[in-house]
Amino acid sequence: MIICHCNVIDCERIETAVGEALQRMPASCIKPEHVFSECGTKPNCGCCCELMGMIIEDVAADLGQRA
Ligand code: FES
């Protein structure tokens, strides 16, 4: 499912980006801007950030990290 329509970022890509970010900075608090950075892009309208934040929390919880 596409989460960010401006940048065509789907849920699976967000999950991958969170995993990659957590490997590099495990103690950090992952935010949507980290996902955009991992995807090599930037937010445009920002409409997806709230939902992206919820996905980040879920992925981080699954990985035993804090988001
Ligand atoms: S929908 Fe993600 S920045 Fe616009």
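The table below gives the values:
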| item | result |
| --- | --- |
| Any chance residue 45 is within 16 Å of the ligand (Cβ to nearest atom), loosely packed, with under 15 Cβ neighbours inside 10 Å and modelled with pLDDT of 90 or more | yes |
| Residues that are touching a residue at least 24 places away in the same chain (Cβ under 8 Å), out of contact with any Lys or Arg (no Cβ under 9 Å at 6 or more places or on another chain) and among the β-branched types (Val, Ile, Thr), drawn from segment 1-29 | 9, 14, 18 |
| Inter-residue pairs, beta-carbon under 8 Å, first within 11 Å of residue 14 (Cα to Cα) and in segment 33-61, second modelled with pLDDT of 95 or more and of a type in the set (D, E, K, R), 6+ apart | 36/42; 39/13 |
| Restricting segment 1-42 to residues that are near the ligand (Cβ under 9 Å from one of its atoms) and under 9 Å from the mean Cα position of the chain (by Cα), the residue that is nearest to residue 62 (Cα to Cα) | 32 |
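The values are calculated or read from the model by the stated rules, or taken from the named source; none is laboratory data. None of the values given here were measured: they were computed from a predicted structure. With ideal geometry, Cβ positions are generated from the backbone for all residues, glycine too; neighbour counts draw on all protein chains shown.
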